[in-house]
Each structure stands twice: as structure tokens, then as C-alpha cells.
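The block underneath contains the structure these notes are about, expressed in C-alpha cells.
The values are calculated or read from the model by the stated rules, or taken from the named source; none is laboratory data. Remember, it's a predicted structure, so these values are computed and weren't measured experimentally. Positions of Cβ are generated from backbone atoms using ideal geometry, with glycine treated the same way; all protein chains shown enter the neighbour counts.
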Amino acid sequence: MIQYKTIMITGGAGYVGSVLVRSLLEKGYHVKVLDLLIYGKNVFEDYQENPNLEIIKGDIRNESLLKRILPGCDAVIHLACISNDPSYELNPALSKTINFDAFEPLVNTSKASGVRRFIYASSASVYGISDIPEVTEEHPLVPLTDYNKYKGMCEPILHDQCSSNFSTIIIRPATVCGYSPRQRFDLSVNILTNHAVNTGKITVFGGKQKRPNLHIKDMVDLYVMLMEETDEKVSGKTYNIGYQNFTISEIAEIVRSTVTKEMKELDKLEIVTRPSNDIRSYHISSKKIQQELGFIPKYKIEDAVKDLCSAFKVNKFSDSINNPLYFNIKRMQELNFN
């Protein structure tokens, strides 16, 4: 049963959003996408005739725009941000305006416009470094970078607005992986797969850092499920969501094994290890969401690598090593984004 007929997805033409929008449309939702569309306008080419899809080119910092387009929306899934540390550090002041300063006005305008459910995509990276075997949602947030810090600082702003007619949910996702119509090759599993297929070599920086991962299909399935859960079950909740917690070196071995099976001509793939100053390492627990909502991810890292190999085989990507459209920081530099 659809409780929230019309859903606004900020950043809906992005890596996760472009898969999520398709899933929601196929389930009969009316979807409004708010996005700057800087990574291409053809992400929804195959859905452009769908009457339930509305694409709005715009900036979440534009409060007058928000006041025009949010009325009539039942729910907001907030994905838009300057994502990952290198992209954030390219222009920290700009990134703060998007990732933090714009957050409270978006939440307040959503609530004032009659939105009844607001889901915020935070990040599992808010935990920073931890050698605790299972990092739960109660673990202190010890961010190492401004990107992580402001992701975490948005969380209490949203929780403070939670009420009987405005249910709020915070998701702390692991690093997402797999194929998307708006592909990214600046995420760990995707990076390693891209280089394995196109250079015949996997370069690992560091290797001992633990990185929780989550297949993009599982990420999308969770957002769809959260649209269908009752307020009593999910309002005011914060959930980790990840699946496989491996070190970067272990991920590299999985990528090598899977690529060599999928693409027989790459049977001599080598792994090269280099030093790294990226010390972020954590092992998140997703037991809470499993126990409370019964949500268990279904797809493994191998599935993400297989999906990417399938896309490479049919030439879905154009110069995946160098094309700025696949790399957030390169695209922002190319556009001189501000």
C-alpha cells in the first residue's frame, strides 16, 4: 500500500538516485527529481515519457524554489550533497553551503509544506576510525574530515523536527557499489573493477583499512521499503546499513577473482600495493535494521563486480578511466562548480 504517493528526491539524478527513481516509478509512485544535472541530462532517457516523473533542474540552496516545488510532496528522500572527501575539499566553503547550511532550510520548508516523511542519507564514515569489532548506531561520531563532520551535524537538526506528522529517518550507508545509469568510478569497489578491466592491474593504497560495502540494489530496496513502513516502526530512528565488511586488500582479491571469471582474457590480473595516508577504518554493524525491520541485504561485492563487467562488455561507458562524468571531483573541476 502506497502511503506517500508523491516523493521528492534531492540529487535524484545521481548515482543512487537514478536507480532509486526507476524503482519507485515501477511501483507506481509519482517522483519529483530535484537535481543540478551536472553529470548529464540523459539519465532518465528511457523514462522521459512516464507521466509520474517530474525532473526539476535546480539547487537545494534555492529556498524560493523549494517553497514552490515541495507543496504536494508526501515524502522527501534527501540524497543531494557534495559527496566524498576529495570533492568536498575542492571547495570547502561551497561544500559546506550545500551539505550543511542548506539542510535546515530544506527540512523546515519540507515540514511547512506538508511533507510527512523525511529520509536523510548520512554516511557510515561519520564514525571515523574505530577498532571496535561492531560499530553500532550508538557509537560516538568521530569524523576525520569536514565531509564526515557536516554529514553528522545534520542528523540532530532533522531529529529535532521529528513529530507526529513529520516522521524522520536517518540512514548511515556503507560505501555503495555496482552499476548505475549515472555511474561513479570514484568508489572503492567500482574503482578497483574499472582499473582491473581497463588497465589489467589493481592498485591498492594501504590495504588494511576496513571498508563496509553495500550493493546499490540493496540501498535502493531499503529506501523503497522505508516508504512503506509505518511511523510507529521507523519515525525518529537512525540505522546503519552495510553488508560486507572487508579490508581494501580483501576487496581487491574479490575483484580480481570475479573479473578473471567474467572476462577470461584478463586472467593475468595483478594486484599492486602502495602506501596511503587515508586511515579511515571501521566495521559497522547492521543488526539493528535487521532486527527491527527485517531488512537483510541480498547482493554481494561479487554481484556488483559482475554487473560492472556486464556493462563493460556491452560498452556502456565512454572512456571510463578519464571521462570526468564518472568522477565527482573531475566533473566539478571541469565545470568550475560554484
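Would you check which residues across region 262-319 are among the hydroxyl-bearing types (Ser, Thr, Tyr) and crowded, with 16+ Cβ neighbours inside 10 Å and list them? Quick ask: steps written out before the conclusion?
As a first pass, look at region 262-319 and keep what is among the hydroxyl-bearing types (Ser, Thr, Tyr): 273, 276, 281-282, 285-286, 299, 310, 318.
Answer for region 262-319, where residues must be among the hydroxyl-bearing types (Ser, Thr, Tyr) and crowded, with 16+ Cβ neighbours inside 10 Å: Ser281, Tyr282, Ser285, Ser286, Tyr299.
In the list Arg184, Arg211, which residue meets the criterion of being of a type in the set (D, E, K, R) and in a strand (DSSP E or B)? Walk me through how you get there before you give the answer.
Details: Arg184 fails: in a strand (DSSP E or B).
Within the list Arg184, Arg211, the selection yields Arg211.
Could you check, for region 153-162, whether at least one of its residues is closer than 25 Å to Tyr326 by Cβ and touching a residue at least 24 places away in the same chain (Cβ under 8 Å)? Break it down stepwise before answering.
Filtering region 153-162 down to residues closer than 25 Å to Tyr326 by Cβ leaves none.
Checked against the condition, which is being closer than 25 Å to Tyr326 by Cβ and touching a residue at least 24 places away in the same chain (Cβ under 8 Å), region 153-162 yields no hits at all.
Mind checking which residues of region 1-54 are touching a strand residue (DSSP E or B) at 6+ places or on another chain (Cβ under 7 Å) and on the phi > 0 side of the Ramachandran plot?
Matches in region 1-54: Gly11, Leu37.
Applying the selection to region 116-135, what residues are touching a Ser or Thr at 6+ places or on another chain (Cβ under 7 Å), modelled with pLDDT under 95 and either part of a loop (DSSP other than H, G, I, E, B) or of a type in the set (Gly, Ala, Ser) (or both)?
Applying the first criterion (touching a Ser or Thr at 6+ places or on another chain (Cβ under 7 Å)) to region 116-135 yields 116-118, 129, 134-135.
From what is left, the residues that are modelled with pLDDT under 95 are 129, 134-135.
If the condition is that a residue be touching a Ser or Thr at 6+ places or on another chain (Cβ under 7 Å), modelled with pLDDT under 95 and either part of a loop (DSSP other than H, G, I, E, B) or of a type in the set (Gly, Ala, Ser) (or both), then Glu134 is the only one that fits.
For region 199-208, which positions are in contact with a helix residue (DSSP H, G or I) (Cβ under 8 Å, 6 or more places away or on another chain) and surrounded by fewer than 20 Cβ atoms within 10 Å (Cβ to Cβ)?
From region 199-208, those in contact with a helix residue (DSSP H, G or I) (Cβ under 8 Å, 6 or more places away or on another chain) are 200-208; that's our starting set.
Answer for region 199-208, where residues must be in contact with a helix residue (DSSP H, G or I) (Cβ under 8 Å, 6 or more places away or on another chain) and surrounded by fewer than 20 Cβ atoms within 10 Å (Cβ to Cβ): Gly200, Lys201, Thr203, Phe205, Gly206, Gly207, Lys208.
Can you find a residue in region 232-254 that is under 24 Å from Ile157 (Cβ atoms), in contact with a strand residue (DSSP E or B) (Cβ under 8 Å, 6 or more places away or on another chain) and part of a helix (DSSP H, G or I)?
yes
Go through region 139-174 and count every residue that is modelled with pLDDT of 95 or more, among the polar types (S, T, N, Q) and surrounded by fewer than 19 Cβ atoms within 10 Å (Cβ to Cβ).
The total comes to 4.
Given (1) more than 23 Å from Ser122 (Cα to Cα); (2) buried (at least 16 other Cβ atoms within 10 Å of the Cβ); (3) of a type outside the set (Lys, Arg), identify the lone condition not met by Cys177.
(1)
Checking Ile170 against (1) touching an Asp or Glu at 6+ places or on another chain (Cβ under 6 Å); (2) farther than 19 Å from Ile241 by Cα; (3) among the β-branched types (Val, Ile, Thr); (4) not in a helix (DSSP H, G or I), which test does it fail?
Unmet condition: (2).
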